[in-house]
Ligand SMILES: *[C@@H]1O[C@H](CO)[C@@H](O)[C@H](O)[C@H]1NC(C)=O
């Protein structure tokens, strides 16, 4: 009697064990279902369901026995921080960052509903956030799931941050976090954050990004009759500037078109608005030349650019007082970190994390393109501002770049491959021990 109960118990143990393992890391359909669940939480700005996303992340953390904590720099905007404790807590830790919010959608322009996460016959998962960047956030977790089930134990501690509000500037998320006391206590040595999909077989790695400068130039001049030809009207003065800005824009764009520079390496300038005219209830007064005219430009500046000469250009050519023009910046993100150094992450031997990531990707049979500057902004710059190396990387090869577009998708095979890539990265990063100064000096000898 006792014996048979015992064997029944053993049988059940096996049964439960086998059920668990079939729903575990080695089961791709379960992995995809978890990805779909995360994508199905509507975290679109301006009303992201942040608490639902946080609950989901925490449920994953619990299933993996990871430490978790919720930080709320702004009420209603939780930041979830997970922790996988390493064997040597004195070594600087690894931070894997991702944001939980996504950009809004125009529902009717999607062929699959953007929060259903439908998979089509080709295995493409359609959802807002499938590329930007719920894929990455959950791939980190899945990679840890696999590493844990293989028995791997990290030497360095790994933190995973799931931050809010990246798509609206990151003030309530990565910015507050990176500048906080909590963050200092994590003793972070390197940050991995988002990159971009690659239409070819090479993954992309980003070591910097361009800083946005939002410039408004304003012209004032004597108003006059619409029939009169005279010099120095506000419109004429503004148009002169617009012509000059356009020529500069073309010269930068030509460098890209000629293949001499990548998109992230030039200064881009695009006109965001034009504001002029004397309004009437139905339009504008047509026989009057107005006394004021304004234009706004979105300028993006690589950290390697000569900002002094750009500023001179702005006050001498784009908005010169000699032409009765003024200017102001609505946003002027510095190209220097808090130590006064240009904000970029070294890609040479002075930064071991760069080569380690490259090596890890190659070990997992991934290919890499050459280091790039991100053309737009990500949260990575808040960490670089603190003087930390931060690498932008989203393992999506052979994938059209669809972030912020309609019908954003990621192929499930590519998603699964990305998990293996992160598995390799986390392994390399958490096992890395800096050579002691002793070893270095011996090598140098
Ligand atoms: C600047 O404004 C002054 C005063 O309205 C005017 O006399 C002058 O012609 C203007 N100059 C130009 C270049 O617009």
Of 112, 225, 406, the most mobile residue in a GNM of the chain (C-alpha springs, cutoff 10 Å) is 225
For residue 324, placing the label point 7 angstrom along Cα-to-beta-carbon and taking region 279-297, residues whose amide nitrogen sits under 15 Å are 289-294
antiparallel share of DSSP beta bridges within the chain, to nearest 5, in %, is 70 percent
By the Cα gyration tensor axes a ≥ b ≥ c (a/c under 1.5 gives rounded; else a/b larger than b/c gives prolate, otherwise oblate), the shape of region 287-445 is oblate
Taking Cα atoms, the helix 412-431 axis meets the longest principal axis of the chain at an angle in degrees (rounded to 10) of 80 degrees
Length-normalised contact order of the chain, Cα under 8 Å, at least 6 apart, in percent, tallies to 22 percent
Distribution output for region 153-233: share of Cα-Cα pairs per 10 Å bin in percent, first bin at 0, values 11, 26, 24, 12, 10, 11, 5, 1, 0
Within the set 77, 261, 275, GNM on the chain using Cα springs under 10 Å gives the largest fluctuation to 275
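Determine the calculated [θ] at 222 nm for the chain from helices alone, applying -39500 (n - 2.57) to every DSSP H run no shorter than 4 residues and normalising by the residue count; nearest 500 deg cm²/dmol.
Computed ellipticity for the chain at 222 nm equals -10500 deg cm²/dmol.
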The ratio Rg/Rh over the Cα atoms of region 39-153, Rh being the Kirkwood inverse mean 1/r radius, stands at 1.02
Quick P(r) readout (region 235-294; Cα-Cα; 5 Å bins; whole %) gives 4, 16, 18, 15, 13, 10, 9, 7, 6, 1
Under the 7 Å Cα-to-Cβ spin-label approximation, residue 406 and residue 33 lie apart by a distance in nanometres of 3.3 nm
Highest GNM mean-square fluctuation among 128, 146, 313, for the chain with Cα springs under 10 Å, belongs to 313
Residues of region 338-354 with backbone N under 19 Å of the label point set 7 Å from the Cα of residue 255 along Cα→Cβ are 342-345
Rounded to the nearest 10, the angle in degrees between the Cα long axis of helix 352-363 and the longest principal axis of the Cα atoms of the chain comes to 60 degrees
Log entry: pair-distance distribution for region 316-382, C-alpha pairs binned every 10 Å from zero, whole % per bin is 14, 30, 26, 16, 9, 4, 0
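Every read-out reported here was derived from the displayed coordinates using simple, explicitly stated rules and does not represent laboratory data. Computed from a predicted model, the values in this text were never measured in an experiment. Here the Cβ is made from the backbone with ideal geometry for all residues, glycine too, and neighbour counts use every protein chain on show.
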